[in-house]
1. Place the peptides 207-213, 13-19, 90-96 in order of packing, highest mean first, counting for every residue the other Cβ atoms within 10 Å and averaging per peptide.
2. With the radius of gyration and the Kirkwood radius both derived from the Cα set of the range 138-200, what is their ratio Rg to Rh?
3. Compute the normalised compactness of the range 92-245: alpha-carbon radius of gyration over 2.2 N^0.38 Å, N being the residue count.
4. For the ranges 118-126, 218-226, 170-178, what's the packing order if you count other beta-carbon atoms within 10 Å of each residue, average per peptide, and put the highest first?
5. Hey, can you rank 146-153, 108-115, 73-80 by average C-beta count inside 10 Å, highest first?
6. I'd like the distance separating the alpha-carbon centroids of the range 209-241 and the range 140-165, in whole Å.
7. At each listed q (0.11, 0.16, 0.19 Å⁻¹), what is the log10 of I(q)/I(0) that the Debye formula gives for the range 1-148 modelled as equal alpha-carbon point scatterers?
8. Suppose every Lys and Arg Cβ carries +1 and every Asp and Glu Cβ carries -1, with no other charges. What dipole size does the range 1-86 come out with about its Cα centre, to the nearest 20 debye?
Amino acid sequence: MKLTFMGTAGARFMVAKQLAASGGLYIEDGSTRMSLDPGPGAVVQYAKRKVDLTKLDAIVLSHRHLDHAGDVNVMVEAMTEGGFHRRGRLFCPSDALDDDPVVLRYLRQFPQEVVRLEPEKEYAVNGLSFTTTPLHVHQVETFGFRFGDRLGWVTDSAYYDGIAEQHKAEVMVIHLVLMQCRTGLPHLCLEDVERIIRDARPRLAIITHFGMTVWRAHPWEVAEDLTQRIGSEVKAARDGMSLEL
Ligand SMILES: [Zn+2]
């Protein structure tokens, strides 16, 4: 499985200023290709890296916030060749489709299937299976994901008991938005991320989805610091970074 970071920016100010890209994650496993959380500019990031979006098998939204779903419509059009070729699947929480939908109604017929995600359920795309976690603690319906024991993806959430166990995998991608924990902001801060890594003990933890305070602290230095303190490898994602899992 190959994982590519099409962006590492999280939250509104980083995204608005495009201090880092906000295209989400791209997974290739055998012949299966999946786009996760295509935020604003995702289509540009994929084009820049010469990914043929007509070969995409699925688009997955962890939740409906703009920094995760900004380019979902253009990505659906790209996957389905402008809607002329009915193919691929879109997985998203129900609230991305219902009130004030982020997925436009006119293009919901374009993919082969639009799947409403449910907690703790297994899904498969061309033999690549993934499971959703219980609902995260966030302002909207939000899921985390596991791709077997290979990859755990800790998306936006406030810290809660069980979060480490639910995403535990050999490699864990964790959204680090805040340096300081702030009550009322349902996002992971540095202390939360450290706790998750200590509890889950992945072979490799990759921090991404940086908010402004993390960016100012230099994510690679934050990662180095975590590695020293925890004693297992923590890496900061960079735009365009790829790794084989
Ligand atoms: Zn969010």
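Every number here is computed from the coordinates shown, using simple stated rules; none is lab data. For clarity, every value in this text was computed on a predicted model and none was experimentally measured. Note that each Cβ is placed from the backbone with ideal geometry, even for glycine, and that neighbours are counted across all protein chains shown.
1. Values: 207-213: 24.4, 13-19: 16.0, 90-96: 21.7.
Going from most to least packed, we get 207-213, 90-96, 13-19.
2. Numbers: Rg = 11.0 Å, Rh = 11.7 Å.
Here the Rg-to-Rh quotient is 0.95.
3. On the way: Rg = 16.3 Å, N = 154, 2.2 N^0.38 = 14.9 Å.
Ratio of Rg to 2.2 N^0.38 Å for the range 92-245: 1.09.
4. Details: 118-126: 13.1, 218-226: 16.3, 170-178: 23.6.
Result, highest mean Cβ count within 10 Å first: 170-178, 218-226, 118-126.
5. On the way: 146-153: 19.1, 108-115: 16.1, 73-80: 21.1.
Ranking the peptides 146-153, 108-115, 73-80 by packing returns 73-80, 146-153, 108-115.
6. The range 209-241 and the range 140-165 have Cα centres separated by 19 Å.
7. -0.36, -0.81, -1.19
8. Numbers: 10 positive and 9 negative charges, 45 e Å.
For this selection, approximately 220 debye.
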